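The values are calculated or read from the model by the stated rules, or taken from the named source; none is laboratory data. Nothing here was measured: the structure is a model prediction, and the numbers come from that model. Cβ: placed from backbone, ideal geometry, glycine included. Neighbour counts: every protein chain shown. In case anyone asks, the SASA skips ligands and DNA or RNA and just uses the protein heavy atoms, side chains included. Shrake-Rupley method; radii C 1.70, N 1.55, O 1.52, S 1.80 Å.
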Amino acid sequence: MPRDALTLAIITEVFPDPPAWELLPGVLTEAGALGADLAVLPEIPLNPWSPASKAPLDEDAEAVDGPRQMALASAASLSGVAVLGGAIIRDPDTGVRHNTALLYDGSGSCLARYKKVHLPSEEGFWETSHYEPGHEPPTVVSGLPMKIGFQVCSDVNRTTGFQLLGAMGAEVVLVPRCTPPQTYERWKLVLRANAVTSGCFVVSSTRPAPTPNGLIGGPSIAISPTSEVLLETSDRLSVVTLSKSVLEEARADYPGYLETYPELYARAWKAVEAKD
């Protein structure tokens, strides 16, 4: 695998039940045949869109290393393609549920888990009824040709996570989504701004529309740290290659070279916290 680029497959498709999980190795193998090192799936891709209603179902969630997680690990191992997926995972000590992004390498080993922090609560997106916010900051993952960070859907509208990831050395931020097509242009605007201000490539795969003119749908997207849209697609499988040279140029140019001043902003956030 070349070290100066990362080829990503953006999969705008979900696998919402056990029979569909069996199709995932074939889709990842197809991605690998197109040169993909890593496949990016939408938000909680092995579930139906559970937050469409306020009523949580027990079967929508699972323990650590539950069946959805094992399906993702197996698909990665069988295809040799790393995959970013997700599941609703119960905390083993408290039983609290979290919407968790999961990265598996091409051997099926779990490299990282990230719990979604910012949860909407509105028609079609009753997420606060289904899981709790995560309480851990994002981290940067090595082991692929570029360093990877994660945000999940509504996290992108609170941009601190992107700023942290860029400052911590992330080169690509992956964003699984489930969003309304009617608001896609706003999501696109925020994702492009986050790419520029974090100095990272941003790649976001969204859940496809289950029915025409519904609450879910719109394009998946890949954006360079210069704000250029590299790929914008509703196809079930698309491939894009991200170049480290583009990243290096963006970080050497304005605004990439600006200092971040973490101590200054940490003091300000502490003051905000003290007022709560």
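See the values below:
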quantity	calculated
Average Cα contact separation per residue, the chain, under 8 Å, 6 or more apart, as relative contact order %	19
Base-10 log of normalised Debye intensity for the chain (one unit scatterer per alpha-carbon) at q = 0.13 Å⁻¹	-0.83
Convex hull volume per residue for region 124-254, taking Cα atoms only, in Å³	115
DSSP beta bridges in the chain [antiparallel fraction, %, rounded to 5]	65
Per-peptide average of other Cβ atoms within 10 Å, ordering 162-175, 74-87 highest first	74-87, 162-175
Convex hull volume of region 91-194 per residue (C-alpha atoms, cubic angstrom)	120
At most 14 other Cβ within 10 Å, DSSP loop - trypsin sites (Lys or Arg not before Pro), region 209-276	R236
Set of aspartates and glutamates near K115 by C-alpha distance (under 12 Å), chain-local residues within fewer than 8 positions excluded	E43, D91, E132, E136, D155
Phi-based couplings in Hz for region 112-122 (Karplus 6.51, -1.76, 1.60; Gly and Pro marked x)	6, 10, 9, 9, 4, 9, 9, 10, x, 8, 7
Region 167-193 and region 118-139: distance between their alpha carbon centers, rounded to Å	16
Rounded to 5, percent antiparallel among DSSP beta bridges of region 50-107	80
Within region 142-276, percent of DSSP bridges classed antiparallel, to nearest 5	45
Cα gyration tensor, region 199-276 - rounded (a/c under 1.5), prolate or oblate	oblate
Over 26 Å between alpha carbons, listed pairs K188/K270; K116/K275; K54/K270; K147/K188	K188/K270; K54/K270
Local electrostatic count, H98, Cβ distance below 15 Å [Lys/Arg +1, Asp/Glu -1]	-4
Cleavage-rule hits, trypsin sites (Lys or Arg not before Pro), region 43-144, DSSP coil, Cβ neighbours within 10 Å at most 12	K54
Residue-averaged [θ]222 nm for the chain, counting only DSSP H segments that reach four residues, each worth -39500 (n - 2.57)	-8000 deg cm²/dmol
Protein accessible area in region 102-220, 1.4 Å probe - carbon and sulfur %	54
Accessible solvent surface per residue of region 115-218, calculated while the other protein chains remain in place, 1.4 angstrom probe, Å²	40
Fraction of alpha-carbon pairs over 29 Å apart in region 1-160 - percent	16
